[in-house]
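Enquirer: There's a structure below that I have some questions on.
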Amino acid sequence: MSTTKTPLLGLTLDELKAVVAEEGLPAFAARQLAGWIYGKGVGDISSMSNISIAGRKRLAEHHDVGLMTPLLRQLSADGTAKYLFPTHGGGRVETVFIPDGERGTVCVSSQVGCRMGCAFCATGQQGFQGHLTTADILNQVYSLPERERLTNIVFMGQGEPLDNLDAVLKATQILTADYGWAWSPKRITVSTVGLRKGLKRFLDESPCHLAISMHNPFGTERAAMMPAERSFALTEMLQILRRYDWTGQRRLSFEYICFGGQTDTDRHAREMVRLLGGLECRVNLIRWHQIKADATERCLPGMMTPADMTPSDEKRMADFRDYLNAHGVRCTIRASRGQDIDAACGLLRTKYQS
Ligand code: SF4
């Protein structure tokens, strides 16, 4: 569903000012546009009634809002909904809405595919197809059927957010700006495997929460699951993270998938405590859902494949959590959601393509 018109979605207030100047509209029309697009979520320029009819016509000659509805939806018995959205470049990305009582969380993607190649991830196994634009990222929020129910946005879908940082920072800026959705950055979490350059910039420029995909505290073992460890070691990442203040509004968490016998042993628990002791953070333990090992040729030498991995059992995860909590590292087990709808990212896109 690519279009020849330029989407207004994804433009900052300054960029909207440039658009209205170019189209011969008064400068204040930029804020009006932002109000319609980001405040009200209106998808049609002709409905923006406080902009003159002639102005709307001129805008619509070269622009559209750029909202695009999902192509597919899978609904879980627990209410979790997984969507396949088109992108402006002709790609497809997955977005998941997770209801939880009063809370509604959307898990957005930042890239089509991913080049990080994590061995346990269906998206990583599919390779990289391209970056999402800011409009593509925001579309997953603004065109989400459950948008009115949202309380949290997490960048934990397909792709590595720090590998597409310009677009991600611009999206979070618009979501939190007074001219945008005016959301608190406390409601937005960006998750990363850790990229040296992007991490530093994110820490310096973004007030949003940060989640590190850790999954193993030992460098050699982590590198066999996550190639990113080879260019930016977890130990170095932790040194950088310790230089920032995590006692205020911004929160630091570590995502940790429990693999039976491979990341959930007493040895791993002790190392987690050693690495994270004294750091203001929390650890979220995650159950892994087995994926098919059908693209193992993408794996680097020395890498594990999905066939080498099994999920932990409930008791082991509970013991791991209890050990961390007993030793001063806050830890919870994340509830598994949407298991009946191809919970692993990447599978809905694969299904659509086939
Ligand atoms: S886990 Fe995240 S960073 Fe790793 S391959 Fe999958 S999408 Fe990319």
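Laboratory data are not the source of any read-out in this text; all were calculated from the coordinates shown. Worth saying up front: this structure is predicted, and the values here are computed from it rather than measured. All Cβ positions, glycine included, derive from the backbone under ideal geometry; neighbour counts span all protein chains shown.
Enquirer: How many angstrom lie between the Cα centre of the range 1-73 and the Cα centre of the range 108-125?
Expert: The range 1-73 and the range 108-125 have Cα centres spaced 32 Å from each other.
Enquirer: Only helical DSSP H runs with n ≥ 4 go in: add -39500 (n - 2.57) per run for the chain, normalise by residue count and round the 222 nm mean residue ellipticity to 500 deg cm²/dmol.
Expert: Result for the chain, helices only: -9000 deg cm²/dmol.
Enquirer: Just subtract the alpha-carbon distance of Q290 and D14 from 0.36 nm times their residue separation and send over the number in nm, one decimal.
Expert: 94.8 nm
Enquirer: Can you check what the net charge comes to around L285, using other residues whose Cβ is under 13 Å from the Cβ of L285 (Lys, Arg +1; Asp, Glu -1)?
Expert: So the environment of L285 carries a net charge of +1.
Enquirer: Can I ask one more? Write down the radius of gyration of the range 6-64 and its Dmax, each obtained from C-alpha positions, in Å.
Expert: Computed over the Cα atoms of the range 6-64, radius of gyration and Dmax are 9.8, 24 Å.
Enquirer: Which three extents, in angstrom, do the Cα atoms of the chain have along their principal axes, listed largest first?
Expert: Extents along the principal axes, in whole Å: 69, 46, 39.
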